[in-house]
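Trainee: Questions regarding the structure given below will be posed in turn.
The values are calculated or read from the model by the stated rules, or taken from the named source; none is laboratory data. Note that the structure is a prediction, hence the values are computed from the model and not measured. Here the Cβ positions follow ideal geometry from the backbone for every residue, glycine too, while neighbour counts run over all protein chains shown.
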Amino acid sequence: MYIEPRIFSNLLGEHMTNILVTGAPRTGKTTLISTIISNLNIRVIGFLTNEIREKNIRTGFTIETCSGIKKILASKKNLDSKYRVGRYGVYLDNLNFIVSKLEEEIEKEMPKLIIIDEIGKMELFSQSFKDFVMSALNQKKVLGTIMLKDNDFTKKIKLRSDTKIIEINLQNREKFANNIKELIRCQKDQKLNV
């Protein structure tokens, strides 16, 4: 279900579950998620993906858990990897390590929100990542990002009835940040009142 900005406010009264942000590359999906979680006063577990830049040129990506564990996800320097997206070689072992740490964290203490940034081409080389995503979505408490162009896996996610897909661009990103924060707060309040 794609949500247009003009009808977004109608969802505030509806019971919310998973919220996934999509959009073209470099529209600020990760920035949006970072802004939202930094303004929420709830326990979160998950990860963010950020660019590695050298001399103002993107050379790769890191994956960092909300608890501070950081690994390189992909790099132009990783020429030996058989898992490639464009010029980037994916460090599959690093991704699987992060997934295992997230599973351990969730087993110790269930969070109010699970952050997944991003369900994208690099991450989808990992079966353990796919399993983690499906398990997290079934918890009905995911805030994350998902690639705009679909494959079979992402298409199934976008068709889930318990998942809202919000497409952002540079013009509507800030408006959605406030609306998503409000949706999460409403969802949190609904769960406390049940």
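Trainee: Going by what's in this entry, would E105 be described as within 20 Å of the chain's Cα centre (by Cα), of a type outside the set (A, V, I, L, M, F, W, C) and at pLDDT below 95? Talk me through it step by step, then tell me what you get.
Mentor: Details: within 20 Å of the chain's Cα centre (by Cα): yes; of a type outside the set (A, V, I, L, M, F, W, C): yes; at pLDDT below 95: no.
No.
Trainee: Please find, among R173, R87, R160, the residue that is among the charged types (D, E, K, R), under 23 Å from G23 (Cβ atoms) and free of Cβ contacts under 8 Å to residues at least 60 places away in the same chain.
Mentor: On the way: R173 fails: free of Cβ contacts under 8 Å to residues at least 60 places away in the same chain; R160 fails: free of Cβ contacts under 8 Å to residues at least 60 places away in the same chain.
Result of the check over R173, R87, R160: R87.
Trainee: Would you pick out the residues in the range 54-87 that are basic (K, R) and in contact with a helix residue (DSSP H, G or I) (Cβ under 6 Å, 6 or more places away or on another chain)?
Mentor: K71 - this is the single residue of the range 54-87 that is basic (K, R) and in contact with a helix residue (DSSP H, G or I) (Cβ under 6 Å, 6 or more places away or on another chain).
Trainee: If you take the residues in the range 41-97 that are surrounded by 14 or more Cβ atoms within 10 Å (Cβ to Cβ), in a loop (DSSP other than H, G, I, E, B) and hydrophobic (A, V, I, L, M, F, W, C), which one is modelled with the lowest pLDDT?
Mentor: The selected residue is C66.
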